[in-house]
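Visitor: What follows is a structure written as structure tokens; I'll ask about it next.
The values are calculated or read from the model by the stated rules, or taken from the named source; none is laboratory data. Everything numeric here is computed off the predicted structure, so don't read it as measured data. Here Cβ is always computed from backbone atoms with ideal geometry, including for glycine, and neighbour counts include all displayed protein chains. All accessible areas refer to the heavy atoms of the entire protein, side chains included, with ligands and DNA or RNA removed. Shrake-Rupley method; radii C 1.70, N 1.55, O 1.52, S 1.80 Å.
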Amino acid sequence: VMMCDPTFLDPENGRYQLDAMIDHGQKEFGGYDSVVLWHAYPRIGFDRRNQFDFYRDMPGGLKGLRDLTRRFHARGVKVFINYNPWDTGTRRESESDVESLVEMVVAMEADGIFLDTLERGATALRAKLDAARPGVVLESELALPLAAIPEHHMSWAQEFNDGLAPSVLRNKWYERRHMQHQIRRWAGDHASELHAAWMNGSGMMVWENVFGSLKPWCPRDKSILRSIATIQRRYQDLFAGEDWTPLVPAGPSGVYASRWQTEGLRLWTLVNRMEKSVVGRIETVEPGVAGCQWFDLIAGRQIAPVESGAGLRISTPLGPRGVGAVVCGAEAALGQDFAAFLTAQAQVAAAADFDPRPPVVRPRLEPVAPTKRYLPDEIPSEMALVDVDVEADMRSTITSRECGFHVEPYAYDAIQRHKQVIEQVRRVWLRPYAIDRTPVTNAQFAEFLKSSGYRPRHPENFLKHWPGHKLPFGREDHPVVYVDLDDARAYARWAGKRLPTEEEWQYAAAGPEGLNYPWGDRMEPGRCNPGGGTTPVMAFPEGRSPLGCHDMCGNTWEWTESQQSDGRTRFCVLKGGSWFAAVGSLWYADGGPRPTHHAAKFLLAWPGLDRCGTIGFRCVVNVARK
């Protein structure tokens, strides 16, 4: 779960919507057994906060997350935290990552750690976890070596290639209790993963909000998972047992089966690799013990095998790319609640939908609030007139870090991975406006607070750089930071202004010639903040834009009014770059001075996390023609 997802964290109230999330998961996917609380990436790198700070700055801090864990536990769900070992270029802790992880696990009462980008955890981590909180699970993202299985209860089965015949998972075969989670994060079709999980008695990772790009599951795949998840939970000891036979004889062509058995009970899992419905068969089955009964667990009904050659043949219908399950056992082995279980499975089967098309979701641009329409000779003296009335193509670039695009195409392209700069051109329509010549300063913001009495609903990290909540001496003309989008909007309303759209900001910075930087097409020394902290907003007059605007590159990122939402991700486009640049990993957000056409997709969470020491703003007003 992306912790910034508004279906999980209500940004207005700063409350975790845990029950609604779990109820939705039960209805759509058959329920969750555990969650990974994904926190920092792809937001990390916009300021100096490290990955542990991202947990600390969530609502209620670590105590709030501990309470959240307890609520998850009350609903039968385990909680994993996420570890990003590549985070070495932000603020450093006073102790090692291993010690910090252990402290975080203890403070949050977490059940496991997901090891992002790793095939195994540090040698010391297992021992320190066992001493502090016994039983904590380590789960690797990359293929876990066999030698590391004793220290790692779980691992991802990520992007595993498979042929027509489903493969056997090595780690699961080696240690039957080892849990692997099938995962293809960018896939629109999860049938192959579901088949692998079903044939191997392993798990599935449900991940629809992928770093800010929505990849919804299709109805067919959700229907399959709803059917098999309940079976896997009921027969978890069987799936973790030693008597597993992969790829037993089955038919017709394209149908495969595995067998699981223990004293008095046998279970077959079947998969249909074909795009059409078939009747699956399990061949040459031994009759079993006296009093043995046969059931189709997917359909929730009793079935009868037929004699065939040296044994029995069992048949069961399989939907397109669907799955099957047959169990055989005496009444005592099946359990007293078996009839109720069958009834529930029949209800799930009745609601199945084999539509393989995932829904298409596009982000929606939030409306821009109007302002008073000034005449050109009425605009405030601190603003520059942008006398433009044009419909034109505007160039936009964004660094692809898996967080998707801010304009079409919205979906992440799996080919465009890591830190590739993607360029797009879109048609824009600009009308006359005026824009602040400088970002809003600390002094200007202090005047706003004194005049308006503004106090944010959530004060966490608000003006964190003001000692004792007072205007910092000597930094009056530095850009105000540690304000979120709503704080900036409140100032703009007080001033009779609004925030600029991405297009308005970019045109004011690049001018009619579309310069790469406010002063020209090349980065040049002495034109912008070289780093080390904010500088006065007019410290680099040689870096002015063609329209006379200062500080549009490299001092602070600036909020724009280009906020979008798809219901699962809220984001705002930032422009300009900042004095801070995290180094050491390609996974960090962009930092340092950025070209005028560069856009940063900033995932919005809630005020305490959205307020950064590297983001400020400036305002615009609408201008009418005489």
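Visitor: Tell me, in nm to one decimal, what length is gained between Asp355 and Gln293 on full extension, where the rule is 0.36 nm per residue of separation less the Cα-Cα distance?
Guide: Extending this stretch completely gives an extra 19.0 nm.
Visitor: Taking the dipole about the Cα centre of the chain, with the C-beta of Lys and Arg at +1 and of Asp and Glu at -1, give me whichever of Gln506, Trp260, Pro145 is farthest to the positive side.
Guide: Gln506
Visitor: Please give the contour-minus-distance gain from Glu99 to Arg522: 0.36 nm per residue of separation, less the Cα-Cα distance, rounded to one decimal in nm.
Guide: Between Glu99 and Arg522, full extension yields 147.8 nm more.
Visitor: How big is the Cα convex hull of the chain in projection, averaged over all directions, in nm²?
Guide: Mean projected area of the Cα convex hull: 30.8 nm².
Visitor: While we're here: Given a Förster radius of 25 Å and the C-beta distance between Arg15 and Arg493 as r, what FRET efficiency does 1/(1 + (r/R0)^6) yield to the nearest 0.05?
Guide: It comes to 0.45.
Visitor: Considering amide H positions built from the backbone, and no H for Pro or chain starts, which residues 5 or more places from His598, or on another chain, come under 5 Å of its amide H?
Guide: Distant-sequence amide H within range of His598: Thr397.
Visitor: I would also like to ask the following. Could you compute how much accessible surface Glu12 exposes when probed at 1.4 Å, giving the result in Å² to the nearest 10?
Guide: 110
Visitor: Just to be sure I follow: if Rg is taken over the C-alpha atoms of the range 69-152 and Rh is the Kirkwood radius over the same atoms, what is Rg/Rh?
Guide: Reported Rg/Rh, Kirkwood definition of Rh: 0.97.
Visitor: Could you tell me which of the pairs Lys215/Lys464; Lys497/Lys575; Lys464/Lys601; Lys470/Lys575 are separated by over 25 angstrom between their Cα atoms in the structure shown?
Guide: Lys215/Lys464; Lys470/Lys575
Visitor: Taking the Cα centre of the chain as origin, sum charge times position over the Cβ atoms of Lys and Arg (+1) and Asp and Glu (-1), and report the length of that vector in debye to the nearest 20.
Guide: 620
Visitor: Find, to one decimal place in angstroms, the Kirkwood hydrodynamic radius of the range 553-626, where the mean of 1/r is taken over every pair of different Cα atoms and then inverted.
Guide: Every distinct Cα pair counted, the radius reaches 13.6 Å.
Visitor: Each label point is 7 Å from the Cα along the Cα-to-Cβ direction; what then is the distance between the points at Leu164 and Asp389, in nm?
Guide: 6.8
Visitor: Still on this structure, please answer the following. Under the √(5λ) rule applied to the eigenvalues of the Cα gyration tensor, what semi-axes describe the equivalent ellipsoid of the range 462-608? Give them in Å, descending.
Guide: Each semi-axis is the square root of five times an eigenvalue, giving 22, 20, 17 Å.
Visitor: Work out, step by step, the length gained on full extension between Arg373 and Ser451: first 0.36 nm times the residue separation, then minus their alpha carbon distance; give nm to one decimal.
Guide: 25.7 nm
Visitor: Using a 1.4 Å probe and ignoring any ligands, DNA or RNA, find the accessible area of Tyr517 and quote it in Å² to the nearest 10.
Guide: Roughly 30 Å² of Tyr517 is accessible to a 1.4 Å probe.
Visitor: Whole Å is fine, so just give me how far the alpha carbon centre of the range 523-558 lies from that of the range 450-517.
Guide: Spelled out, the Cα-based centre of one part sits 16 Å from the other.
Visitor: Would you rank Lys63, Lys215 by solvent-accessible area, highest first, keeping every protein chain in place and using a 1.4 Å probe?
Guide: Putting Lys63, Lys215 in descending order of accessible area: Lys63, Lys215.
Visitor: Sticking with this structure for a sec: For every helix of n ≥ 4 consecutive DSSP H residues, a contribution of -39,500 (n - 2.57) applies; sum these over the chain, divide by its total residues, and give [θ] at 222 nm rounded to the nearest 500 deg cm²/dmol.
Guide: Helix-only estimate at 222 nm: -6500 deg cm²/dmol.
Visitor: Still on this structure, I have one more. Distance in nm between label sites at Val248 and Lys27, each 7 Å beyond Cα in the beta-carbon direction?
Guide: It works out to 3.8 nm between the two label points.
Visitor: Would you compute, for the Cα atoms of the range 258-354, the largest minus smallest coordinate along each principal axis and list the three values in descending order, in whole Å?
Guide: 37, 34, 19 Å, listed from the longest principal axis down.
Visitor: Taking amide H atoms as placed 1.01 Å from N in the peptide plane, list the residues 5 or more away in sequence, or in a different chain, whose amide H sits under 5 Å from that of Ala157.
Guide: Amide H neighbours of Ala157: His181, Gln182, Ile183.
Visitor: Between Lys276 and Leu586, what FRET efficiency comes out of the Förster formula 1/(1 + (r/R0)^6) with R0 = 41 Å and r the beta carbon distance, rounded to 0.05?
Guide: Approximately 0.40, to the nearest 0.05.
Visitor: Got a sec? Charge dipole of the chain, +1 on Cβ for Lys and Arg, -1 for Asp and Glu; which of Gly14, Gly212, Leu385 is way out at the positive end?
Guide: Leu385
Visitor: When the expected Rg is taken as 2.2 N^0.38 Å, what fraction or multiple of it is the alpha-carbon Rg of the range 186-251?
Guide: Compared with the compact-globule rule of thumb, the range 186-251 sits at 1.28.
Visitor: Over the alpha carbons of the range 349-508, what is the largest minus smallest coordinate on each principal axis, giving the biggest first in Å?
Guide: Rounded to whole Å, the extents work out to 63, 42, 35 Å.
Visitor: Here is a follow-up. Using +1 on the beta carbon of Lys and Arg, -1 on that of Asp and Glu, and nothing else charged, what's the dipole of the range 280-388 about the Cα centre, debye to 20?
Guide: 280
Visitor: Can you pull the percent of the chain's accessible area that's carbon plus sulfur, 1.4 Å probe, other chains left in place?
Guide: Of all accessible area on the chain, carbon and sulfur atoms account for 52 percent.
Visitor: Take the Cα pairs of the range 39-85, get the Kirkwood Rh, then feed it into Stokes-Einstein at 4 °C and 1.567 mPa s and tell me D in µm²/s.
Guide: 111
Visitor: Sticking with this structure for a sec: For Ala304 paired with Gln347, estimate the spin-label separation in nm (one decimal), with each label point 7 Å from Cα along the Cα-to-Cβ line.
Guide: Using points 7 Å along Cα→Cβ, the separation is 2.9 nm.
Visitor: Keeping all protein chains in place and using 1.4 angstrom, which order do Met21, Met104 fall into by accessible surface area, from largest down?
Guide: Result of the area sort, largest leading: Met21, Met104.
Visitor: Taking the Cα centre of the chain as the origin and placing charges on Cβ (Lys, Arg +1; Asp, Glu -1), which of Ala434, Tyr83, Phe114 is farthest toward the positive end of the dipole?
Guide: Sorting the options by dipole projection puts first Ala434.
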